[in-house]
1. I want the local charge near GLU92. Using Cβ-Cβ distances under 15 Å, sum +1 for each Lys or Arg and -1 for each Asp or Glu among the other residues.
2. Full extension from VAL97 to ASN40: what is 0.36 nm times the residue separation minus their Cα-Cα distance, to one decimal in nm?
3. What whole number of Å gives the distance from the Cα centroid of region 57-131 to the Cα centroid of region 41-56?
4. By a straight-distance test (C-alpha under 18 Å), which aspartates and glutamates pair with LYS60 as possible cross-link partners, with residues fewer than eight away in the same chain excluded?
5. Would you mind putting 98-108, 24-34 in packing order, based on average other-beta-carbon counts within 10 Å, highest first?
6. So how much slack lies between MET64 and GLU119, counting 0.36 nm per residue of separation and subtracting their Cα-Cα distance, in nm?
7. Output wanted: per-residue J couplings in Hz (rounded whole) for region 27-35, from phi through Karplus 6.51 cos²θ - 1.76 cosθ + 1.60, θ = phi - 60°, x for Gly and Pro.
Amino acid sequence: MSGNASVGQNHYMTKSELTEPFLLRLQAVIDADPELNVSNLATKAGLSNSTIRTMLRDNKSPRMKTMRQICAALGTTLEEFMSEAHTAEEKEIVRLVTQLPADLRQQLLGYGRGLLDAERRSRTEAPEDNE
């Protein structure tokens, strides 16, 4: 075995070779869970082993349907999986927003921008108490 450090592990490409965002996150999830591997994930997702192995080996961007199947097998949604949310509160916000229809998402976006603007203005208008 000539120096292949990934033999016997779940890696197909090194993290530096993977560039597709979904695959980067997927490999991180697989690496973080000793109970999870490509084979059992494929089974849970209703996919063939070769589907996931090929995506990871070739850095091949999966179809939307495939990403959703994989996320469902992981117990999450595609939107939650790909979000930058880290805290439970941020994840809950993402989960709630993804359930809203487009018109309500726009209203929520406007409300959020208004809150942020008001908060910024209150900071710049507040007198310095420490002088």
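1. Numbers: positive: LYS91, ARG95; negative: GLU79, GLU80, GLU84, GLU89, GLU90.
So the surrounding residues net to -3.
2. Values: separation 57, 0.36 × 57 = 20.52 nm, distance 3.03 nm.
The VAL97-ASN40 span can extend by a further 17.5 nm.
3. Cα centroid of region 41-56 versus Cα centroid of region 57-131: 28 Å apart.
4. GLU17, GLU20
5. Values: 98-108: 10.7, 24-34: 14.6.
Output ranking for 98-108, 24-34: 24-34, 98-108.
6. 16.0 nm
7. With the stated coefficients, region 27-35 comes to 4, 5, 5, 4, 5, 7, 10, x, 8 Hz.
Where a number appears in this text, it was derived from the coordinates with a stated rule and is not lab data. Please read these numbers as outputs of a predicted model, since none were measured by experiment. Neighbour counts run over all protein chains shown; Cβ positions are idealised from the backbone, glycine included.
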